[in-house]
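Accompanying notes for the structure given below.
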Amino acid sequence: MSNNDTKTPQELLNQSKKIEAIYSEAIAKVEELEKKQKQVVADYIKKLEQEKIEKIKEFIKHKS
Amino acid sequence: MPPEEIKSTNEKQEEIKTPEATAEAPLTAESIQAQILAMQAKLEEMKKTSQNAEQTETARVDKTVEKLSVGNPDETVAIKAEVKGIEVDKQAVLTTAETKIGEETKMTETPAEKNDVIIEDKNELTSEQKNEKKAQEYEKRFIEGDKIAQERQKANKKGEGATHDSLSDQSVNERSFCAQKAAESYAEAGNMIKAREMWDKSAETTGETSELVSIYEQSHSKIAKEKLIARTQELEKQGQEFMTADIFEKIGFKDDAKRLYNKVTELAYKDKSYLEAAAVASERLGREDQAKKLYKEYADGLWKSQTPESSFLFKDAAEAYEKAGKEDSAKVCWEKYADKLVSDEGLKQTFHYYSDIAKAYEKAGNKIKAEEMLAKSKERR
């Protein structure tokens, strides 16, 4: 016999809600971290591109 | 960044609703189990997807560096480590959620499959009655296990089985667990005669020193005490003076404990490996000044033995200097420890990395760096 067989409908509903809350909370946290992870990379790439532009500008300046 | 790349996690995974939301039928144990399994599968899938995403992101960094031929290699390494660190946090969040949801699965297991006894409250039993019933169930399991163990022992004597295997170890642990649980439940039910009987049985079954100490502390079981006395003789012969003294102290043999604590402090003069134990022994003997001196000597030894790799020795030294009352030396060690952590790329991926550094800088009295690290720690979370 399963332990859940002895649970009332209200207890089952509470358990279901509890599971969903754990799941949703984890998803929200992971989503936030994912955005941050992408932002770190995006910022760095932007910085690298800027560095490259500056290098090209320097190069042109010396040429002329 | 193209918008499709910032597609949120919620969009990528299909929504998993509670059974009440997806089905019109009333909630059942089966529908909850199905919900748990679906969510666990989804979390597992997300862990893999997330790892792939992290690899894609770091590859993007590498490609850009290569394509543009710019960037400081150290900075690139640091950025990649940061991305990896965030990934570790993501995996930790997902694993924690999986574990928590898994715990709900345990709630749906058959009691017979678990070690814990669950008493159903159909007859509105009083708390004492419930505990008594619980204790009886544990005792029954203990007796059954004991019977099997005895049969096994007979078979071993006849040469029909192995003399020792992991299964017999497991059986000892289970029997000892059941006997202890029975004792605790009988005690909660107020049946102290049965409780003592079960504590004795648990003491008879187990061979673990820590368990015997725990049984003795709860019940003053004579059997536990006798076994611990025998254990002290073995340990003393093996030269484990500190551990022996510790047991003597716990079972109330104050003079023997004192004799061995003294011996440990004497040994520390000849053998420096006894310094830490000797410092604790002196504390327990109430000799505060001697303890401080020994802690200082121990900390000095750690300080001298430090190599560039051994960041944690700075921490041990810092703690020992604190106990020695040498606050300034402790601060120097905390600062060194924090600096070591900052430059440790491997540890950077651990969850408490920044908060550990913040704590160390705080202890070093470096408020600016402590706040800076605390901010990073908050940012990370």
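The values are calculated or read from the model by the stated rules, or taken from the named source; none is laboratory data. Bear in mind that the values here come from a model prediction, so they are computed numbers and not experimental data. As a convention, Cβ positions derive from the backbone with ideal geometry for all residues, glycine included, and neighbour counts pool all protein chains shown. For the accessible areas, the whole protein counts, side chains as well, though only heavy atoms, and no ligand, DNA or RNA atoms are used. Shrake-Rupley method; radii C 1.70, N 1.55, O 1.52, S 1.80 Å.
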> Over segment B:182-339, what relative contact order in percent results from Cα pairs under 8 Å that are six or more residues apart?
Replying inline: 11
> Of B:K272/B:K376; B:K90/B:K367; A:K18/B:K130; A:K36/B:K367; B:K133/B:K227; B:K293/B:K367, which sit over 32 Å apart, Cα to Cα?
Replying inline: B:K272/B:K376
> With every protein chain left in place, what is the accessible area of A:K17 in Å² (1.4 Å probe, nearest 10)?
Replying inline: 100
>> Let me confirm one metric for peptide A:46-52, namely the mean number of other chain beta-carbon atoms within 10 Å of its residues' beta-carbons.
In response: 5
> For segment B:209-341, what is the per residue volume of the convex hull drawn over the alpha-carbon atoms, in cubic angstrom?
Replying inline: 128
>> Interface size between chain B and chain A, please: total buried accessible area, 1.4 Å probe, rounded to the nearest 100 Å².
In response: 4700
>> As a quick test, which of the pairs B:K225/B:K323; B:K326/B:K369; B:K254/B:K296; B:K100/B:K147; A:K46/B:K336; B:K331/B:K369 have an alpha carbon distance above 25 angstrom in this structure?
In response: B:K225/B:K323; B:K254/B:K296; B:K100/B:K147; A:K46/B:K336
> To one decimal place, what Kirkwood hydrodynamic radius in Å is obtained for segment B:195-241 from all pairs of distinct Cα atoms?
Replying inline: 10.6
> Share of Cα-Cα pairs in chain A beyond 15 Å, in percent?
Replying inline: 73
> Amide H to amide H under 5 Å from B:G325: which residues, 5+ apart in sequence or cross-chain, H placed 1.01 Å off N in plane?
Replying inline: none
>> Please list B:R196, B:R175 from largest to smallest accessible area, probe radius 1.4 Å, with all protein chains kept in place.
In response: B:R196, B:R175
> Across peptide B:40-47, what mean number of C-beta atoms from other chains lies inside 10 Å of a residue's C-beta?
Replying inline: 2
> Average partner chain C-beta neighbours within 10 Å, per residue of B:87-96?
Replying inline: 4
>> From the Cα trace of segment B:234-311, what convex hull volume per residue do you get, rounded to a whole Å³?
In response: 106
>> Let me check I've understood the local charge: for B:E371, count other residues with C-beta under 11 angstrom from its C-beta, Lys and Arg +1, Asp and Glu -1. What total comes out?
In response: +2
